[in-house]
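Novice: Below you will find the structure I want to go over with you.
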Amino acid sequence: MATSSREKPSWLKISLPSGSQFTQIKQTLRKYDLHTVCEEAHCPNIGECWSGKNAPGTATFMLMGDRCSRTCNFCNVTTGGMLPLDPNEPLNIASAISELNLEYAVLTSVNRDDLPDQGVGHFAKTIEAIRNLCPNTLIETLIPDFQCKTDLLDEIIAAKPNVIAHNIETVERLQWPIRDRRAGYEQSLLVLDYINSTSDIHTKSSLMLGMGEYDGEVYQTLSDLRNNGVNFVTLGQYLQPSTRHLEVFEYVSPSKFETWKHVAEDEIGFIYCASGPLVRSSYRAGEFFIQSLLSDSIHST
């Protein structure tokens, strides 16, 4: 069942974020002058994730500023006016992770097509800083496509994060106008396939629903991701961040998201699928990753 975009359903109502841990995280981020995708993208789960309702402690840091070189019509991050990289950011992120005692850190970024290395070196420095200061913290990187340049992908692989994620965002037919024209379905699959074929690092991708896709297209996208070696996938409801962005085509019911979870895991073969109206690519990322490792360990003994 789906509802029209004019009728925002009850299951999308969220509580305002609160609590001492939420306040501590916000204060620590401001102390180190850091950005998070949780705030910049207006993530609906910020209260749940930052209030410590799920273990382990997780936060998603957005590297290289709050301005993006691309214009995706679903995203609330500001485009243009690119600023120089902050050389202190890698250590500041590591210091914040240490201060907050995070067990799982997600590093994502804006696109920086304006930089010669598109910012991959900054990713690597941040991973190194976290490893030095917080050796027990698990690290997930949610990377841009880096224009599918293999030398740049090699640099991310060499930094050895625990998970490398890259979001395909939507089905092939809807890539434009949803994504910037420099992105693309085939390019994203190539990125994920290259990582899987050249390393043993777990990979992950994410898909938004409610943008006008057909069920058959969702199934095909999930199959394409799995056939290119992707281990984990998340599915969530697209929510229009402002009147300037693409409108919601439909609100997909929680029961349909649950069906997609079973299809992804039981039929297509993902290790895990987080699927729900408020799920985003980093939703409970640490919890699901650690559960998957425990499950693999049990099955291999």
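The values are calculated or read from the model by the stated rules, or taken from the named source; none is laboratory data. Since the structure is predicted, the reported quantities are computational estimates derived from the model, not experimental observations. Because the Cβ atoms are built from the backbone with ideal geometry, glycine has one as well, and the counts that use them run over all protein chains shown.
Novice: So, in region 171-184, exactly how many residues are under 25 Å from residue 114 (Cβ atoms) and in a loop (DSSP other than H, G, I, E, B)?
Specialist: Qualifying residue count, region 171-184: 6.
Novice: Could you list, in sequence order, the residues of region 83-106 that are surrounded by fewer than 19 Cβ atoms within 10 Å (Cβ to Cβ) and either in contact with a Cys (Cβ under 9 Å, 6 or more places away or on another chain) or not in a helix (DSSP H, G or I) (or both)?
Specialist: 83, 84, 85, 86, 87, 88, 98, 101, 103
Novice: Restricting the search to region 147-170, which residues are of a type outside the set (S, T, N, Q) and in a helix (DSSP H, G or I)?
Specialist: Passing the criteria: 148, 151, 152, 153, 154, 155, 156, 157, 158, 159.
Novice: Follow-up. Taking region 277-292 only, how many residues are at pLDDT 85 or above and buried (at least 19 other Cβ atoms within 10 Å of the Cβ)?
Specialist: Counting residues in region 277-292 that are at pLDDT 85 or above and buried (at least 19 other Cβ atoms within 10 Å of the Cβ) gives 2.
Novice: Quick check, is residue 116 crowded, with 24+ Cβ neighbours inside 10 Å and in a loop (DSSP other than H, G, I, E, B)?
Specialist: No, not satisfied.
Novice: Hey, any hits in region 229-252 for a residue that's buried (at least 17 other Cβ atoms within 10 Å of the Cβ), assigned to a helix (DSSP H, G or I) and touching a Leu at 6+ places or on another chain (Cβ under 9 Å)?
Specialist: no
Novice: So which residues in region 195-220 are in a loop (DSSP other than H, G, I, E, B) and within 22 Å of residue 251 (Cβ to Cβ), if there are any at all?
Specialist: 210, 211, 212, 213, 214
Novice: Answer yes or no as to whether residue 66 is of a type in the set (D, E, K, R) and under 17 Å from the mean Cα position of the chain (by Cα).
Specialist: Working: of a type in the set (D, E, K, R): yes; under 17 Å from the mean Cα position of the chain (by Cα): yes.
The answer is yes for residue 66.
Novice: Among the residues of region 168-202, which ones are among the polar types (S, T, N, Q) and surrounded by 22 or more Cβ atoms within 10 Å (Cβ to Cβ)?
Specialist: The answer is 170, 188.
Novice: Can you tell me which condition residue 136 does not meet? The list is (1) more than 30 Å from residue 216 (Cα to Cα); (2) touching a strand residue (DSSP E or B) at 6+ places or on another chain (Cβ under 8 Å), and all the others hold.
Specialist: Single failed check for residue 136: (2).
Novice: Now, a different point. Could you please find all residues in region 234-252 being of a type in the set (Phe, Trp, Tyr) and within 18 Å of residue 168 (Cα to Cα)? Reasoning before the result, please.
Specialist: Step one: of region 234-252, the residues of a type in the set (Phe, Trp, Tyr) are 238, 249, 251.
238, the sole residue that qualifies.
Novice: Continuing with the same structure: Please go through region 122-164 and pick out each residue that is closer than 26 Å to residue 185 by Cα and of a type in the set (Gly, Ala, Ser).
Specialist: 124, 158, 159
Novice: Separate question: Name the single residue that is surrounded by the fewest Cβ atoms within 10 Å (Cβ to Cβ) among those in region 253-274 being at pLDDT 95 or above and of a type in the set (Gly, Ala, Ser).
Specialist: 255
Novice: Under 8 Å between Cβ atoms, at least 6 apart or on separate chains: pull out the pairs that start in region 64-92 with a residue that is within 12 Å of residue 126 (Cα to Cα) and end on any residue that is part of a strand (DSSP E or B).
Specialist: Here the result reads 64/109; 89/63, each pair linking region 64-92 to a residue that is part of a strand (DSSP E or B).
Novice: Take the residues in region 123-146 that are more than 18 Å from the chain's Cα centre (by Cα) and not in a loop (DSSP other than H, G, I, E, B); name whichever of them is surrounded by the most Cβ atoms within 10 Å (Cβ to Cβ). Before you say what the answer is, go through the steps one by one.
Specialist: Of all residues in region 123-146, those more than 18 Å from the chain's Cα centre (by Cα) come to 125, 128-136.
Cutting the leftovers down to not in a loop (DSSP other than H, G, I, E, B) gives us 125, 128-133.
Numbers: 125: 19, 128: 15, 129: 18, 130: 26, 131: 16, 132: 11, 133: 17.
Looking at the filtered set, the residue picked out is 130.
Novice: Another question about this same structure. Out of region 69-82, which residues are assigned to a loop (DSSP other than H, G, I, E, B) and either at pLDDT 85 or above or in contact with a strand residue (DSSP E or B) (Cβ under 8 Å, 6 or more places away or on another chain) (or both)?
Specialist: 69, 70, 71, 72, 74, 75, 77, 80, 81, 82
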